[in-house]
Amino acid sequence: MEITVGEHSVRHIRRIVRSLLCEWELEPLTFAVELGVSELVTNVVRHVPDRRCRVVVARQAAGVRAEVSDGFAALPRMETEVDEESEGGRGLALLDAVVDKWGVSAGAGGKTVWFECHGCPADAEVSR
């Protein structure tokens, strides 16, 4: 979906993601995918001047790939040291902690931040 995001957009996008994962019978990935998409969309709200982005959540053979693209060329960076009183700066570290792999692809006048979460065997216990 292509959308201009605001303060309350993350909540609606999380619902859409949850619905897709339920439909695809990939509920064990819900926590990681919701958190990942939330963090990436929040970065658009905070750092992209026009707040426009494209959100893609795609089912793959091994799980889910999500992408958030925007027209802002500045690349995100993972903060190595964040003051404990700071309200921001932890998003990419959280993403890194809950997904299997992620990255950033620079494009013509913008970027795409993506991540992948791989499926769990049906009888695996998920503890996150």
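Across region 34-84, what is the total count of residues that are over 22 Å from residue 106 (Cα atoms) and either modelled with pLDDT of 90 or more or surrounded by 15 or more Cβ atoms within 10 Å (Cβ to Cβ) (or both)?
Going through region 34-84 one residue at a time, the tally reaches 6.
Look through region 85-106, keep the residues that are surrounded by 12 or more Cβ atoms within 10 Å (Cβ to Cβ), at pLDDT 85 or above and not hydrophobic (A, V, I, L, M, F, W, C), and return whichever of them is farthest from residue 28 (Cα to Cα).
Result: 105.
Hey, does region 49-64 have a residue that's under 17 Å from residue 11 (Cβ atoms), assigned to a helix (DSSP H, G or I), out of contact with any His (no Cβ under 6 Å at 6 or more places or on another chain) and aliphatic (A, V, I, L, M)? Talk me through it step by step, then tell me what you get.
Restricting attention to region 49-64, the residues satisfying the condition of being under 17 Å from residue 11 (Cβ atoms) are 51, 53, 55, 57.
Filter again for assigned to a helix (DSSP H, G or I), leaving none.
Taking every residue of region 49-64 in turn, none turns out to be under 17 Å from residue 11 (Cβ atoms), assigned to a helix (DSSP H, G or I), out of contact with any His (no Cβ under 6 Å at 6 or more places or on another chain) and aliphatic (A, V, I, L, M).
Can you name the residue in region 107-120 that is assigned to a strand (DSSP E or B) and under 16 Å from residue 31 (Cβ atoms) and is also nearest to the chain's Cα centre (by Cα) among such residues?
Within region 107-120, the subset assigned to a strand (DSSP E or B) is 107, 110-118.
Retained after the next criterion (residues that are under 16 Å from residue 31 (Cβ atoms)): 115-118.
Values: 115: 7, 116: 9, 117: 10, 118: 14 Å.
This residue is 115.
Pull out all pairs, ordered by first then second residue, where Cβ-Cβ is under 7 Å, the residues are six or more apart or on different chains, the first lies in region 5-33 and is in a loop (DSSP other than H, G, I, E, B), and the second is among the acidic types (Asp, Glu) and buried (at least 19 other Cβ atoms within 10 Å of the Cβ).
Matching pairs, first to second residue: none at all.
The values are calculated or read from the model by the stated rules, or taken from the named source; none is laboratory data. Since we're looking at a predicted model, the values are computed, not measured. Neighbour counts run over all protein chains shown; Cβ positions are idealised from the backbone, glycine included.
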